[in-house]
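Inspection log for the structure reproduced underneath, given as structure tokens.
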Amino acid sequence: MTTPDTATAGTTTRIAQHRTYLMCRPEHFTVSYTINPWMEPANPTDTAKAVAQWQKLYDTYLELGHEVHLIEPIEGLPDMVYTANGGFLIDGTAYGAKFRFAERVPEGPAFMEWFAANGYTVAEPVEVNEGEGDFLLVGDTILAGTGFRSTGDSHRELGEIFGKEVVSLTLVDPRFYHLDTAIAVLDPVQGEGGVEKANIAYLPHAFDEASQAILAERYPEAIRVSDDDGAVFGLNSSSDGYNVIISPRAKGFEKQLRERGYNPILVDLSELLLGGGGIKCCTLELRR
Ligand code: ARG
């Protein structure tokens, strides 16, 4: 694949930045329990198909020049493929996850072991939190979701660990139970002179009114996606500042991204959607 790594839209130049990610091959993927409205254990899953779709995402990251590390999948932990929930990392510090549901609790220590073995300083969590599923770094601010999984107390803990501003947002629609199903970070960088040049895309209806007001005030330039695009997990995408990997079903969002000078790349993870996860869920950013 040859993709240019910059583009100019109006006065804004989009620049692809190098990223380092952690992923987990879904060798043991299946849906054997229900902890979100997408999961129906009665519907059959196809593990080989999940692996093939996941491989496409992995290959795409490598083709874009990103670095991808892998954590060994553990039998009996079918949701481990959603590495975004395994922790939250900034500047070499990994805040570990403490999962809400018993089915996923053992993933917390497994990810923390990986972080420690790979040179990260691990901050063990006291409070229930699901890592980058609910915490998103936008410029120098952390947007933190609550309502279904991570607790408000984890937002406080997060602020203490990283010493950054944490903005709490409340999710209200059970289909969008993690923040990364309702917000995509598009330009997560500090611009020139420290000016926050960050932007996001989001699904307004996934949030309560107070949170919608916060988002509208902080991100007047944000892309607001339609309910249709939100409902196909369009926002569960990953951006390097220029290339944005999204679901092929999110037609309107694809167009909005193009209009703003981003380069949408379509990767279909339909099989992993049966577990209630998409592109971003399968991707944890490792920030040294
Ligand atoms: N089955 C998983 C759960 O409900 C899916 C996690 C999706 N991950 C995400 N970052 N949204 O916990």
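Some notes on this structure:
- The condition of being among the hydrophobic types (A, V, I, L, M, F, W, C), free of Cβ contacts under 8 Å to residues at least 12 places away in the same chain and away from the ligand (no atom under 16 Å from the Cβ) holds for only one of A102, A123, A117, that being A117.
- Residues that are of a type outside the set (A, V, I, L, M), more than 14 Å from the chain's Cα centre (by Cα) and within 16 Å of the ligand (Cβ to nearest atom), drawn from the stretch 240-288: S270, E271, G275
- Meets criteria (within 26 Å of V225 (Cβ to Cβ), out of contact with any Ser or Thr (no Cβ under 7 Å at 6 or more places or on another chain) and not β-branched (V, I, T)) for R156: no
- Scanning the stretch 147-160 for residues that are away from the ligand (no atom under 14 Å from the Cβ) and touching a strand residue (DSSP E or B) at 6+ places or on another chain (Cβ under 8 Å) yields T151, G152, S154, H155, R156, E157, L158, G159.
- Scanning the stretch 105-114 for residues that are within 16 Å of the ligand (Cβ to nearest atom) and charged (D, E, K, R) yields one hit, E107.
Every residue, every condition in (1) small (G, A, S); (2) part of a strand (DSSP E or B), yes or no:
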| site | (1), (2) |
| --- | --- |
| F111 | no, no |
| A116 | yes, no |
| V122 | no, yes |
| V126 | no, no |
| L136 | no, yes |
| L143 | no, yes |
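- Pairs are defined by a Cβ separation below 9 Å, a sequence spacing of at least 6 or placement on different chains, a first member in the stretch 71-89 that is free of Cβ contacts under 8 Å to residues at least 60 places away in the same chain and within 14 Å of F99 (Cα to Cα), and a second member that is within 11 Å of the ligand (Cβ to nearest atom) and not in a helix (DSSP H, G or I); the pairs so defined are M80/F29.
- Within the stretch 256-273, tally of residues that are hydroxyl-bearing (S, T, Y) and surrounded by 20 or more Cβ atoms within 10 Å (Cβ to Cβ): 1
- Members of the stretch 60-81 that are outside any helix (DSSP H, G or I) and more than 16 Å from the ligand (Cβ to nearest atom): L64, G65, H66, E67, V68, H69, L70, E72, E75
- Matching residues in the stretch 131-146 - criterion: being out of contact with any Pro (no Cβ under 8 Å at 6 or more places or on another chain) and more than 13 Å from the ligand (Cβ to nearest atom): D140, T141, I142, L143, A144, T146
- Scan of the stretch 243-255 for residues that are surrounded by fewer than 19 Cβ atoms within 10 Å (Cβ to Cβ) and part of a helix (DSSP H, G or I), ordered by number: K251, G252, K255
- Selected residue [modelled with pLDDT of 95 or more, of a type outside the set (A, V, I, L, M) and surrounded by fewer than 19 Cβ atoms within 10 Å (Cβ to Cβ)] from P78, P41: P41
The values are calculated or read from the model by the stated rules, or taken from the named source; none is laboratory data. Small disclaimer: the values here were computed from a predicted structure and weren't measured. No Cβ is skipped: glycine too gets one built from the backbone with ideal geometry, and neighbour counts run over all protein chains shown.
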